[in-house]
Amino acid sequence: MSRNENGATPETGLPDQKLLQRFVESFSSHDDLLAADDTPAEMLVEQTSATWDSWSEPCTWKPIVSETDASALTPLSQKLPGRLPVLYEQLVMHWRWLEVDLGSLILFANPPGTGLAGLEATLLRDGVLTGTLLPAGYVPFGRSTINYDPICFDLNRTYADSDCPILQFEHEALLCHAKIGDQQQRWSSFRDLMTDVIRSAGV
């Protein structure tokens, strides 16, 4: 997928950093972002007289900007079958968020913490799935909103701009038989996924 001299793509018309910002801003349009007891304090939305009308009003969280050195990717990259899409790398190095329902997928968390240890834990948390997917060149970074099907980067088909197709895999074959079963391409690239999420949010 080509970009023009301003770093934007014809499909979005947005420079990469603006695309990333709009993507993160769209989270609250798709998900209520309800906080849990273990939500990091720095992510909690401060309740004011304008927003806190009653004790029953739920507490919410928000994504936060958190600049992370590129070297933090090294420990994670050593456990993966290839390089993650550059836009996803930029996302995780500049923002922190909790697991979020984006309507078309549930995006795994990149929680606050030292380096990217939290992201590594969420990407690799299901050893049964990753034990089959990673050796085949697929990295799960989310899942279906209706079942446990993992949504993965297909690192077997990396483009010149370091992006790749996004595939969804049927989970039962992976969990029950440790093999790859039915699959479908959900997006042609991570850039297309972000653009789709932004457009559906209307932000």
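Ranking Val65, Val139 from most to least accessible surface, computed with a 1.4 Å probe over the protein chains only, gives Val65, Val139. Once phi is turned into θ = phi - 60°, what whole-Hz ³J(HN,Hα) does the Karplus curve with 6.51, -1.76 and 1.60 give for every residue of segment 75-83, x standing for Gly and Pro? So the J values, rounded to whole Hz, are x, 5, 4, 5, 9, 10, x, x, 7.
Axis angle, to the nearest 10 degrees, between helix 16-25 and the longest C-alpha principal axis of the chain: 60 degrees. Looking at segment 67-124, the GluC sites (Glu not before Pro) that sit in a DSSP loop and have at most 11 other Cβ atoms within 10 Å of their own Cβ are Glu67. Checking (1) 0.95; (2) 1.05; (3) 1.17 against Cα Rg over 2.2 N^0.38 Å calculated from these atoms, the matching label is (2). Taking trypsin sites (Lys or Arg not before Pro) as exposed when DSSP calls them loop and at most 16 other C-beta atoms lie within 10 angstrom, the chain has its longest site-free stretch at 4-78. Summarising the amide proton neighbourhood of Trp95: residues at separation of 5 or more, or on other chains, whose placed amide H is nearer than 5 Å comprise Ser66. A 1.4 Å probe run over the chain, with the rest of the protein chains in place, finds 49 Å² accessible per residue.
The values are calculated or read from the model by the stated rules, or taken from the named source; none is laboratory data. None of these values were measured; they are calculated from a predicted model. Don't worry about glycine lacking a Cβ; one is built from the backbone with ideal geometry, like all the others, and counts go over all protein chains shown. The protein model used for the area step is the full one, side chains on, heavy atoms only, and it has no ligands, DNA or RNA in it. Shrake-Rupley method; radii C 1.70, N 1.55, O 1.52, S 1.80 Å.
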